[in-house]
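Shown next, in structure tokens, is the structure this report addresses.
What follows is calculated from the coordinates using simple rules that are stated; it is not laboratory data. Note that this is a predicted model, so its numbers are computed, not measured. Methodologically, a virtual Cβ is constructed for each residue, glycine included, from the backbone with ideal geometry; neighbour enumeration extends over all protein chains shown.
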Amino acid sequence: SIEEEVDEEGDLQSRPPIVTVMGHVDHGKTSLLDYVRHANVIAGEAGGITQHIGAYNVKLDDGRRVSFLDTPGHEAFTAMRARGAQVTDIAIIIIAADDNVMPQTIEAINHASAAGVPIVFAINKIDKVGADPERIKSELANMNYLVEDWGGKYQCQEISAKNGVNIEELLEKVLLEAEMLELKANPNKRAIGSVIESSLDKGRGYVTTLLVQAGTLKVGDVLLAGSYTGHVKAMYNERGNKIDKVGPSEPALILGLNGAPQAGDNFHVLESEKDARGIANKREQLQREQGLRTQKH
Ligand code: GDP
């Protein structure tokens with residue numbers, strides 16, 4: 001079994017919120033994530049975000065940070081939840097102002113609510129002829145989601161993701177929501193967190209994006225992720241820069257696992273590779289047995 005290190009009150013430090021953007025197809029999820037990503041390339045850093053690693057961390061002018069999960073919408077969110085991964089702190093539900101609250105929007109709202117994840121609404125495409133944000137707000141009101149300027153508790157921001165209008169205001173509301181959650185983690189222990197995505201790369205072997213939820217992950221650490229193990233051979237951020245450690249709420253692409261765990265699997269850093277292998281083998285055996293049982297039925 002895995003012994004978790006117990007945190008004392010004084011060990012906890014505030015951590016950035018982890019945010020997922022969800023909404024109906026074509027309402028502007030990708031445009032919003034792309035805009036945020038490109039607008040927040042830290043000044044002076046070479047490149048820009050060069051690779052898709054499924055998550056990224058942005059830094060505002062005042063130094064505050066937000067981590068975004070850049071996964072294909074709420075399917076990943078549900079898949080991760082099904083494995084018990086509680087990764088998201090806040091959900092941005094994006095709705096196009098020239099359309100309606102759609103079935104997928106409602107599904108996204110229900111997923112976030114069921115997970116107890118606070119919602120911030122982003123009413124998008126306000127630059128478009130025919131955009132009617134008030135109509136969207138009234139549709140939300142009819143579903144008992146009353147936004148702030150209608151006297152309700154839900155934060156809501158009108159934006160144009162394509163033109164980058166009011167994105168800072170949206171992030172401000174996300175950070176306000178985060179403040180109320182008082183998100184904290186102990187950075188000074190062995191890392192634990194979740195797998196965001198993993199695949200086999202021809203040249204580099206298994207490449208895996210991990211999101212650290214507590215502790216600090218370092219190059220050389222012994223990892224157990226799902227039923228796979230390995231040493232962290234190298235770590236990169238979303239800009240493709242080599243890094244040697246990542247703290248709470250931060251993602252990293254790592255090399256060194258001996259297989260591809262699934263999105264939503266959790267990962268742990270263990271003291272010895274022998275421990276990691278032992279647990280991995282047990283998990284594998286358990287999966288095999290469950291597989292046999294389902295085949296028989
Ligand atoms: P997704 O399916 O939710 O990821 O939506 P996309 O980001 O791919 O956007 C769908 C379409 O809407 C694309 O053609 C975008 O260029 C367009 N779009 C997204 N945001 C805006 C916006 O704020 N204004 C306008 N006019 N078009 C937008």
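Scanning segment 89-111 for residues that are more than 16 Å from the ligand (Cβ to nearest atom) and in a helix (DSSP H, G or I) yields a total of 1.
Residue-level analysis places Lys162 outside the set of residues that are of a type in the set (Lys, Arg) and farther than 20 Å from Val19 by Cβ. Restricting Leu223, Leu175 to residues that are of a type outside the set (Asp, Glu), closer than 19 Å to Ala276 by Cα and surrounded by 15 or more Cβ atoms within 10 Å (Cβ to Cβ) narrows the list to Leu223.
Residues of segment 156-171 that are more than 20 Å from the chain's Cα centre (by Cα) and either among the aromatic types (Phe, Trp, Tyr) or surrounded by 15 or more Cβ atoms within 10 Å (Cβ to Cβ) (or both): Cys156, Gln157, Glu158, Ile159, Ser160, Lys162, Gly164, Val165, Asn166. Of all residues in segment 15-40, those satisfying the criterion of being touching a strand residue (DSSP E or B) at 6+ places or on another chain (Cβ under 8 Å), part of a loop (DSSP other than H, G, I, E, B) and within 12 Å of the ligand (Cβ to nearest atom) are His24, Asp26, His27, Gly28. Look at Val232 and say whether it is buried (at least 23 other Cβ atoms within 10 Å of the Cβ), free of Cβ contacts under 8 Å to residues at least 40 places away in the same chain and closer than 28 Å to Gln13 by Cβ. Yes, satisfied.
Counting only residues that are farther than 13 Å from Ile95 by Cα and small (Gly, Ala, Ser), which one in segment 114-137 is surrounded by the most Cβ atoms within 10 Å (Cβ to Cβ)? Here the residue is Ala115.
Counted as qualifying within segment 211-297 are the strands (runs of 3 or more DSSP E) with 2 or more residues that are closer than 30 Å to Val58 by Cβ and aromatic (Phe, Trp, Tyr), namely 228-236. Of all the residues in segment 143-185, those that are within 16 Å of the ligand (Cβ to nearest atom) and part of a helix (DSSP H, G or I) number 5.
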